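Below: one structure, written as structure tokens.
The values are calculated or read from the model by the stated rules, or taken from the named source; none is laboratory data. Bear in mind the structure is a predicted one, so any value in this text is a computation, not a measurement. Ideal geometry is used to build each Cβ from the backbone, glycine not excepted, and the neighbour counts take in all protein chains shown. The protein model used for the area step is the full one, side chains on, heavy atoms only, and it has no ligands, DNA or RNA in it. Shrake-Rupley method; radii C 1.70, N 1.55, O 1.52, S 1.80 Å.
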Amino acid sequence: MSHTNFDPITLTQSLVKCASVTPKDNGALEVVKKHLSELGFDCHLLKFSGSNSYEVNNLFATIGDKGKHFAYAGHTDVVPVGNEESWKFPPFSATIEGDKLYGRGSEDMKSSVACFISATKRFIEKYKKIPGKLSFIITGDEERDSVNGTPKILEWATKNKYKFDHCLVGEPTSNKEIGDKIKIGRRGAISFYLEVKGIQGHTANAHLAENASHHLIKLLNNILEEPLDGGNENFLPSSTQIATFDVGNPVQNIIPELARATVNIRFNDMHSSDSLVKWIEEKIKKNFIDVKNASCQFTYDSTAESFLNKPGYMCDLIAKSVSEVTGRNSNPEHATDGGTSDARYIKNYCEVVELGIINQSLHKVDEFVNIKDIIELEKIYFQILDNYFN
Ligand SMILES: [Zn+2]
């Protein structure tokens, strides 16, 4: 007889106790695999490496062979603890005090993984089988490069003929109460590294020189002059920030030859990396067209494209399930704020929405989850499965 415990609180503790700071796994995926194998899932531990990144362990677990395909996606890796001395309890002790469970990864996002496993167990117990297909896409690399994680699991799944219809990502999205906020998209991010080259000279002989910083200031002013957009019904306005401005001139009597600036843009779905590269090229062209002795070069780093899943089936399914469990009538807020998440890869494969525990202590010292929130999230996940498959 097996003694595997499917209680979501105990399971959260088992996961938190594995110190899985990216890319270390320390048994976390084995805990997930053990539970899902026992429920009859086909488990594939997938080790990916290469592509200029470290090696990562991942897990793809699947059950059912026909009907619609629901996927749950999440990660078992966690960010470092920082200064361990500052923690109230050892960060991987999963200590419960009062109504809270403390530990690195408790909020982001091991409690969610535990809740979805528990909900699945209860669903299978109730209906004896999954009337369709259900898969877990679990990566050990969400918090760092995300290179040998979710994108490669999805490629592997496609190669092995797995196709998903809908996906729920369990990142912490709730605000004050479980299910009051979900994420239907995310903003994109790009950084431009600008360098203006002029002609060095004596500040007293300005007519013989060309001040690079003057040209860069003009260009940056022009970049900031007009906002990129005013936002739309799903997104805040895009934000352009000058992150640094560097001339590096140690003296007051030299006109600088070089001036550099970094411009970081968080953009909504009215732009793409490509359109912003063209936009900055235009700005440079316009500003330097009549300039003889200075020019501007740039490189860029495009971290993520923005994306939006138009509110549809998944949002309705979640709203219905949340209100059935909590008795609240208000629809969850549809948000697109915050940093990036692995939903940006999944959106290329199927409709994806993020719903998880309350976003309040992730990546901080004394990260914690409320016990009652774990219990409620597990119920909501169960209800989602119930509404989806029945
Ligand atoms: Zn996370």
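The table below lists the values:
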| read-out | value |
| --- | --- |
| Residues being in contact (Cβ under 8 Å) with a residue 60 or more places away in the chain and open to solvent by 60 Å² or more (accessible area, probe 1.4 Å) - total across segment 325-337 | 3 |
| Residues (hydroxyl-bearing (Ser, Thr, Tyr), more than 16 Å from the ligand (Cβ to nearest atom) and outside any loop (DSSP other than H, G, I, E, B)) located in segment 143-190 | THR158 |
| LEU355 vs. criteria in contact with a strand residue (DSSP E or B) (Cβ under 9 Å, 6 or more places away or on another chain) and of a type outside the set (Asp, Glu) | yes |
| Evaluation of GLU84 against (1) under 20 Å from LEU362 (Cβ atoms); (2) touching a helix residue (DSSP H, G or I) at 6+ places or on another chain (Cβ under 8 Å) (one fails), failing number | (2) |
| Condition check for PHE123: assigned to a helix (DSSP H, G or I), away from the ligand (no atom under 14 Å from the Cβ) and either without any contact (Cβ under 8 Å) to a residue 24 or more places away in the chain or in contact with a Leu (Cβ under 9 Å, 6 or more places away or on another chain) (or both) | yes |
| Positions within segment 80-120 being within 14 Å of the ligand (Cβ to nearest atom) and among the acidic types (Asp, Glu), in sequence order | GLU107, ASP108 |
| Unmet criterion (only one of (1) over 16 Å from ILE182 (Cβ atoms); (2) open to solvent by 80 Å² or more (accessible area, probe 1.4 Å); (3) outside any helix (DSSP H, G or I)) for VAL251 | (2) |
| Test result for VAL277, under 25 Å from the mean Cα position of the chain (by Cα), open to solvent by less than 50 Å² (accessible area, probe 1.4 Å), modelled with pLDDT of 95 or more and of a type outside the set (S, T, N, Q) | yes |
| Residue satisfying condition, being in contact (Cβ under 8 Å) with a residue 24 or more places away in the chain, open to solvent by less than 30 Å² (accessible area, probe 1.4 Å), assigned to a helix (DSSP H, G or I) and under 20 Å from SER111 (Cβ atoms), within set SER361, SER341, SER321 | SER321 |
| Residues that are of a type in the set (A, V, I, L, M) and over 38 Å from the mean Cα position of the chain (by Cα), drawn from segment 160-211 | ILE199, ALA204, ALA206, LEU208, ALA209 |
| Residue list for segment 113-146, filter: within 18 Å of LYS379 (Cβ to Cβ), among the charged types (D, E, K, R) and crowded, with 20+ Cβ neighbours inside 10 Å | LYS121 |
| Residue in segment 241-251 that is more than 32 Å from the chain's Cα centre (by Cα) and β-branched (Val, Ile, Thr) present | yes |
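This table checks each residue for (1) surrounded by fewer than 17 Cβ atoms within 10 Å (Cβ to Cβ); (2) in a helix (DSSP H, G or I); (3) not assigned by TED's automatic domain parsing to the domain that holds ARG260.
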| position | (1), (2), (3) |
| --- | --- |
| PHE192 | no, no, no |
| VAL196 | no, no, no |
| HIS207 | yes, yes, no |
| HIS214 | yes, yes, no |
| ILE217 | yes, yes, no |
| ILE223 | no, yes, no |
| PRO227 | yes, no, no |
| GLY230 | yes, no, no |
